[in-house]
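Below: the structure, in structure tokens.
The values are calculated or read from the model by the stated rules, or taken from the named source; none is laboratory data. Remember, predicted model here, so these are calculated numbers, not experimental data. Using ideal geometry, Cβ is built from the backbone for each residue, glycine included, and neighbour counts are taken over all protein chains shown.
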């Protein structure tokens with residue numbers, strides 16, 4: 001047997017009203033999703049896109065560092081120009097630089113170089129007394145045949 005549905009007293013206006021409410025809910029969900037997507041896209045472009053705030057800030061830092069480096073190189077260039085002018089005009093300064101940097105001497109001049117004395121390995125742990133005397137007096141050292149202390 002086939003059961004008949006209960007007929008509801010349904011007005012067409014109520015039917016359309018319910019459909020309208022459903023579509024309005026769907027539209028509001030779509031609007032929210034679109035708004036959220038637009039917000040995410042704009043936020044991405046503002047903060048981390050190719051022209052975003054983060055990228056612009058890093059470019060600003062690079063510019064600042066390059067300006068500092070440029071000023072440093074300009075100061076170095078000015079120093080070198082002063083050095084060049086001084087070498088061209090001041091003969092005594094030129095002679096001093098040639099002697100110090102190149103190690104050159106005038107003809108007939110004798111150069112005395114002071115070479116620091118290397119300590120023996122046994123003296124490495126030895127402390128120097130406050131008087132400045134490093135080795136004990138020669139009369140307290142054992143002597144060899146010639147009367148001289150050993151080396």
Set 80, 102, 87, 66: member being surrounded by 11 or more Cβ atoms within 10 Å (Cβ to Cβ), within 38 Å of the chain's Cα centre (by Cα) and modelled with pLDDT of 85 or more: 87
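Quick check on region 30-50: of everything there that is surrounded by 10 or more Cβ atoms within 10 Å (Cβ to Cβ) and assigned to a loop (DSSP other than H, G, I, E, B), which residue is modelled with the highest pLDDT?
Of the residues in region 30-50, the ones surrounded by 10 or more Cβ atoms within 10 Å (Cβ to Cβ) are 30-49.
Of the ones still in play, those that are also assigned to a loop (DSSP other than H, G, I, E, B) are 48-49.
On the way: 48: 81, 49: 74.
Checked region 30-50; the qualifying residue modelled with the highest pLDDT is 48.
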